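For reference, the structure is listed below as structure tokens.
The values are calculated or read from the model by the stated rules, or taken from the named source; none is laboratory data. Fair warning: this is a prediction, and the values are worked out from it, not measured in the lab. Methodologically, a virtual Cβ is constructed for each residue, glycine included, from the backbone with ideal geometry; neighbour enumeration extends over all protein chains shown. Keep in mind that these areas ignore ligands, DNA and RNA; they rest on the heavy atoms of the full protein, side chains included. Shrake-Rupley method; radii C 1.70, N 1.55, O 1.52, S 1.80 Å.
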Amino acid sequence: MSTARRLIGFAAALALFVAIEHGTRATAGEYAVRVLAMCGINAMLAVALNLVNGTTGQFSIGHAGFMAVGAYAGAVTSHLLAPSLGASHPAASLLVACVVGAALAGVAGVAVGVPSLRLRGDYLAIVTLGFGEIIRVSIESFAPIGGSQGWPIGAESIPATATLPWIWGGALVAVLVVGNLTYSSYGRALGAIREDEIAAEAAGIPTTRYKVLAFAVSATVTGMAGALYAHDATGGQHIDPGAFRLDRSVDILVMVIFGGLGSITGAVLGGVAVAVSLELLREFQGYRLIIYALLLIVLMLARPQGLLGNRELDLRRLLPSRKAAA
Amino acid sequence: MSAALSLSGVEMVFGGLRAVGGVSFDVPERSIFGLIGPNGAGKTTVFNCVTGVYAPTKGAITFRGQRIDGLPAWKIADLGIARTFQNIRLFGQMSVLENVLVASHRVTRASLLDAIVRTRRYADDEAAMRRKALDLLKFFELDDNADQRASSLPYGDQRRLEIARALMLDPKVLLLDEPAAGLNSAEAKVLEQQIRTLRDRFDLTVVLVEHNMQVVMAACEEIHVMDRGETIAHGAPAAVQKDPKVLEAYLGAGHDNAIAATHTDASATADVLLDVKDLRVNYGGIQALKGISLEVRRGELVALIGANGAGKTTTLKAIARTLAVKSGSVRFAGRDLAGVEAHELVTLGVAMAPEGRAIFPNLTVRENLEMGAYTVDDPKVVATRLDEAVTLFPRLGERMKQLGGTLSGGEQQMLSIARALMSGPALLMLDEPSLGIAPVLVDQIFEAIDRIRRKGTTILLVEQNTRRALAAAQRAYVLVTGEVALSGTAEALANDPRVQGAYLGEGVHLD
């Protein structure tokens, strides 16, 4: 596919998202738009974590930390740009905030990954868990960005510029970047690491370097999700450190396992399913999390490999057979 | 002739245990070089030092004039030393083609950004690699299976896929770790020719660790012999074969009469202990067992033989209830085993020493044995059985405190059998006890099997070494592609030309 066609396709998708936002607002109201936005954020987070926990077979349980880095770095960037670029070109300002948030989260990913990815399994989980907590506690005790009180979204603070097309556009970027990476020679190398590290080394793959690479890309995408979350224009009130607790990391993990470890479309479905089911369960109030937990247990018993297993949902497969272009 | 690979004084010590003690040799460029020795000689450890899995404690390894000892494994692979593994290490969940493509990764010129944005350069690169990988698969006659999952391939194909993957690296030196393990004589013969073809076609130096002497002697131009970490001989195959030190270390003294056949033993009674009727098992769409019926009488040793992929292991697993059975019945001591869980079988009196041994690598030998007695409550019984295990395999007695994973292959096999006996089974099922083990230890293991049977344990033996199996058994069943092709007394089958026809292919003798 030529570059021009791809850009046209992306623009068309954004236009579609704008239409969906207006259509939903007109027919189902503001609340439905907000749920759709949550779906988009979740999809980004799940797709990112899947690269590490699914494709590469490592185990991170600190991705809320990368999300926090992206959120606060993005928010600070917007804050600094508010009088200049933010006033004249708010969209450009948001784009810069996303890039900065993603980049800093990526740097944090490398910083966490280099020392810890030499370790296996459980150790990596502990290190990432510790990292997530360090980030959260650091933010709590830093007053200029709101500390434990949080930082409001809206006029005079973080501009609420990330509308539904922004968030879904971000999710589309996440799927394209992670998808192309996963189904490339690099992704094969990551899969080989998951299957057998010794054999992967013997096939010429520097395993530690590749694990760090996967971790960095994953953290970058998570950072972008964080930055968009911080500018949520669909009803976000504020960002606060409490939103980036271990619970959040576990939530992302649940989305990935729910959709099927190793499947990108599964991760998207998992993100959407978690957002929607938590909203649908809202009327049960106090029992909400209990019912949610029971649902997860039932799913794991009935379908331990997740909704899609490690396969991708391919709409073309539903159409009359047509040989895919080599 | 210059050396492709040169080792000088290579030593490898694991926590006080000297696995390799100062080994030196040169592998001439474009030669086929054999590294042999009994189990526990340190051959695989030498491979692991050369390929960077371990950094040798002492000594130097030079590849075409460059020091490589201590470099990371991927770097050594990158320089041009490729290998296969003793216990096949494929990327099981990935396709056959992907397995080969993984090894192309180092030569791709496309960057990560090219891959993410899918540039022309990435597409061209990927297409070229795919063509190359498919050519390799074609060479190994695996191209029809390119999209299949690697773990679903039969054993022999998995071995060949490992070689194809190694060749994708464009290596100068190819290290093969027991490529003939688990192959029958006919397949081994093909392998031996393939190794030569590989060398010529890919311009390689081949280093071979192998127990199959037929392959080693026919294929290798030069042989280095190790025993307990030390060099004991080096030279041309003919000279090494006659070296008295090699004969003693490798074959043991008086090995020819190691197995006294005991066909006429009358201890077997007519009482049927295990009765299998019309057993069927499917793997996906493939019929692995197409209706197997067999019986094992109390006190008998019954062998299940047949080529790779005939369904021997599948039959054992189906009896042991570790895989799902489609139809058919299994009765043990008169009781229908339908609905019995695998772990309950141990309590009923069935124990298994599985293929690949499956010992607990991080438990000591004693702990491994004690795990085998998990269902036994009386500590006195456990103590007696521990003593019996040591009497049966004195080597285990010397290694009680050693971790299971540090034992050699042969010792692990002994441990696996001894562990199975700890539950005091009425029926012992053994899956390929001679696989990848030096002849001298195979003798010891078969002697032990004979003693176990004489003491009254009924045995169902799966074995690819037909001669051994028929020498040890009273009766045998020959499986061919999931069906019983022949059955009868071991003596009759040993002299039955149809066994060779059905099992080994034409013109190959049971030797």
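For region B:390-429, a residue qualifies if it is under 24 Å from residue B:299 (Cβ atoms) and among the hydrophobic types (A, V, I, L, M, F, W, C), and the qualifying residues are B:392, B:393, B:414, B:417, B:418, B:420, B:421, B:422, B:426, B:427, B:428, B:429. Selection of helices (runs of 4 or more DSSP H) fully inside region B:59-127 by the criterion of at least 1 residues being modelled with pLDDT of 95 or more returns B:73-79, B:96-102. The conditions of being under 21 Å from residue A:98 (Cβ atoms) and touching a strand residue (DSSP E or B) at 6+ places or on another chain (Cβ under 8 Å) are met by residue A:37. Counting only helices (runs of 4 or more DSSP H) that sit wholly inside region A:24-132, those with at least 1 residues that are modelled with pLDDT of 95 or more, within 15 Å of residue A:227 (Cβ to Cβ) and open to solvent by less than 10 Å² (accessible area, probe 1.4 Å) are A:30-50, A:63-81, A:90-116. Counting only helices (runs of 4 or more DSSP H) wholly contained in region A:148-209, the ones carrying 2 or more residues that are of a type in the set (Phe, Trp, Tyr) and away from chain B (no Cβ under 14 Å) occupy A:164-182.
Filtered by the rule that a residue be without any contact (Cβ under 8 Å) to a residue 12 or more places away in the chain and more than 12 Å from chain A (Cβ to nearest Cβ), region B:111-140 gives B:124, B:135, B:138. Looking at this structure, is residue B:319 open to solvent by 50 Å² or more (accessible area, probe 1.4 Å) and either assigned by TED's automatic domain parsing to the domain that holds residue B:469 or not small (Gly, Ala, Ser) (or both)? Criteria not met by residue B:319.
Here residue A:229 clears all of (1) out of contact with any strand residue (DSSP E or B) (no Cβ under 8 Å at 6 or more places or on another chain); (2) under 27 Å from residue B:117 (Cα atoms); (3) away from chain B (no Cβ under 14 Å); (4) open to solvent by 30 Å² or more (accessible area, probe 1.4 Å) except the condition numbered (1). Look at region B:477-496: where a residue is in contact (Cβ under 8 Å) with a residue 12 or more places away in the chain and a partner is open to solvent by less than 50 Å² (accessible area, probe 1.4 Å) and basic (Lys, Arg), sitting 6+ places away or on another chain with Cβ atoms under 9 Å, you get B:479/B:312; B:487/B:475; B:488/B:475; B:489/B:475; B:490/B:475; B:493/B:475.
I'd like to know if region A:210-220 contains one or more residues that are part of a loop (DSSP other than H, G, I, E, B) and open to solvent by less than 30 Å² (accessible area, probe 1.4 Å). Among the residues of region A:210-220, not one is part of a loop (DSSP other than H, G, I, E, B) and open to solvent by less than 30 Å² (accessible area, probe 1.4 Å), which makes the answer no. Exactly one residue among B:428, B:386, B:470 is in a strand (DSSP E or B), over 17 Å from residue B:38 (Cβ atoms) and either open to solvent by 10 Å² or more (accessible area, probe 1.4 Å) or not basic (Lys, Arg) (or both), and that residue is B:428. Cβ-Cβ distances below 8 Å connect the following pairs, each with a first residue in region A:1-26 that is farther than 20 Å from residue A:235 by Cα, a second residue that is of a type outside the set (A, V, I, L, M, F, W, C) and modelled with pLDDT under 90, and a separation of six or more residues or different chains: A:1/B:118. Candidates in region B:329-351 are the residues that are in a strand (DSSP E or B) and open to solvent by less than 50 Å² (accessible area, probe 1.4 Å); of these, the one that is nearest to residue B:291 (Cα to Cα) is B:329. Picking from residues in region B:93-110 that are β-branched (Val, Ile, Thr) and more than 7 Å from chain A (Cβ to nearest Cβ), the one that is farthest from residue B:134 (Cα to Cα) is B:107. Looking at B:181, B:166, just one residue is under 23 Å from residue B:91 (Cα atoms), outside any strand (DSSP E or B) and within 14 Å of chain A (Cβ to nearest Cβ), and that residue is B:166. Going by what's in this entry, would residue A:140 be described as of a type in the set (Asp, Glu), more than 30 Å from residue A:30 (Cβ to Cβ) and in contact (Cβ under 8 Å) with a residue 40 or more places away in the chain? Taking the combined requirement at face value, the residue satisfies it. Put simply, of B:207, B:190 the only residue that is crowded, with 17+ Cβ neighbours inside 10 Å, at negative phi, under 20 Å from the mean Cα position of the chain (by Cα) and not small (Gly, Ala, Ser) is B:207.
Residues in region A:262-308 that are closer than 30 Å to residue A:191 by Cα, surrounded by fewer than 23 Cβ atoms within 10 Å (Cβ to Cβ) and at pLDDT 90 or above: A:265, A:269, A:272, A:273, A:275.
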